[in-house]
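What follows is a single structure, written as structure tokens, with notes after it.
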Amino acid sequence: QTTDTPTNNFAVLNNLVPTPDASWSEGNLKITGSDATEYSSNNPATIGVSSGKWYIEVEYDSAGSNTNPYIGICPISASATTNMTGSVTDACVIRMDNELYIEGSATQNFFGSSISAGNTIGIALDMDNQKVWFHLNGTYPNSGNPATGSNAAFSGITSGETMTFCARALNGVFKFNFGSPPYSISSGNADGNGYGNFEYAVPSGYFALCSKNLAEYG
């Protein structure tokens with residue numbers, strides 16, 4: 001059951017972007033890939049931001065036959081056939097083989113523990129200070145703390161760039177939660193404005209990606 005209302009809409013994945021070998025369901029919050037070798041494929045969310053602090057979660061449902069699907073952030077202007085593990089300015093994505101890619105540069109074993117089907121990955125994007133963090137099942141690596149701004153995964157986003165959240169499914173499956181989850185939440189955490197329903201605590205000062213919050217902070 002969606003938590004959207006006529007006056008407050010949450011972001012979804014943009015199925016109007018012609019992403020190769022991908023399909024969408026669950027209100028465009030679930031992306032399923034059909035080609036394990038379609039590396040030049042990238043699907044963005046419908047809302048981009050150039051200011052404010054934003055939090056989402058992604059449930060990793062299936063790797064398929066390849067461990068290289070990714071999720072992360074990218075410029076909203078990037079094409080649907082861009083590989084965000086390449087040298088793309090401002091791109092920062094985590095592959096499901098546990099490698100973090102920042103503008104094409106890789107860091108292996110980013111989380112310190114492997115990513116498995118059924119895990120939840122959180123992304124905290126701070127466009128006021130041009131930083132991003134990732135957590136695995138609620139744990140930020142390297143003592144990262146979005147609320148205090150410390151130890152970000154990437155701190156070089158171009159000021160003023162319009163960024164969004166993105167995925168490459170290959171032949172895996174992701175479910176995105178921008179605040180209106182397409183899957184069951186066992187705990188339930190809203191942002192500071194009372195919007196959204198997340199598995200893990202929303203960092204202080206961060207908000208669900210929805211039209212009400214966008215009007216106030218975006």
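When ligands, DNA and RNA are left out and all protein chains stay put, how many square angstrom of accessible area per residue does region 9-164 have with a 1.4 Å probe? If you can, show how the numbers build up before the last one.
Working: 5840 Å² over 156 residues.
Roughly 37 Å² per residue, with all protein chains present.
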Query raised in the report: Within the P(r) computed for region 17-81, what percentage of the Cα pairs occupies the region above 19 Å?
Result: 35 percent
Query raised in the report: If one computes the Cα centroid of region 172-200 and of region 3-55, what distance in Å separates the two points?
Result: 15 Å
Query - Dipole magnitude (debye, nearest 20) for the chain, charges at Cβ of Lys, Arg, Asp, Glu - result: 140 debye
Query raised in the report: With all protein chains present, how much of the accessible area of region 149-214 (probe radius 1.4 Å) comes from carbon and sulfur, to the nearest whole percent?
Result: 41 percent
Query raised in the report: Which whole-percent values make up P(r) of region 152-208 when all C-alpha to C-alpha distances are grouped in 10 Å steps starting at zero?
Result: 19, 37, 38, 7
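In deg cm²/dmol and to the nearest 500, what is the mean residue ellipticity at 222 nm of the chain if only DSSP H runs of at least 4 residues count, each as -39500 (n - 2.57), divided by the residue total?
On the way: 1 runs with 7 residues, N = 218.
Only helices count here, giving -1000 deg cm²/dmol.
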Report summary line: Share (percent) of C-alpha pair distances in the chain greater than 31 Å works out to 9 percent
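Which of rounded, prolate, oblate describes region 1-130, given a ≥ b ≥ c as roots of the alpha-carbon gyration tensor eigenvalues and a/c under 1.5 marking rounded, otherwise prolate only if a/b is larger than b/c?
Rounded, because the longest to shortest axis ratio a/c is under 1.5.
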Report summary line: In a Gaussian network model of the chain with springs linking alpha carbons closer than 10 Å, the residue among 76, 102, 185 that fluctuates most is 185
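The values are calculated or read from the model by the stated rules, or taken from the named source; none is laboratory data. Here the structure is a predicted model, which is why all the values come from computation and not from measurement. Quick reminder, even Gly has a Cβ in these numbers, built from the backbone with ideal geometry, and neighbours come from all protein chains shown. Ligands, DNA and RNA are excluded from the accessible area calculation, which covers all protein heavy atoms including side chains. Shrake-Rupley method; radii C 1.70, N 1.55, O 1.52, S 1.80 Å.
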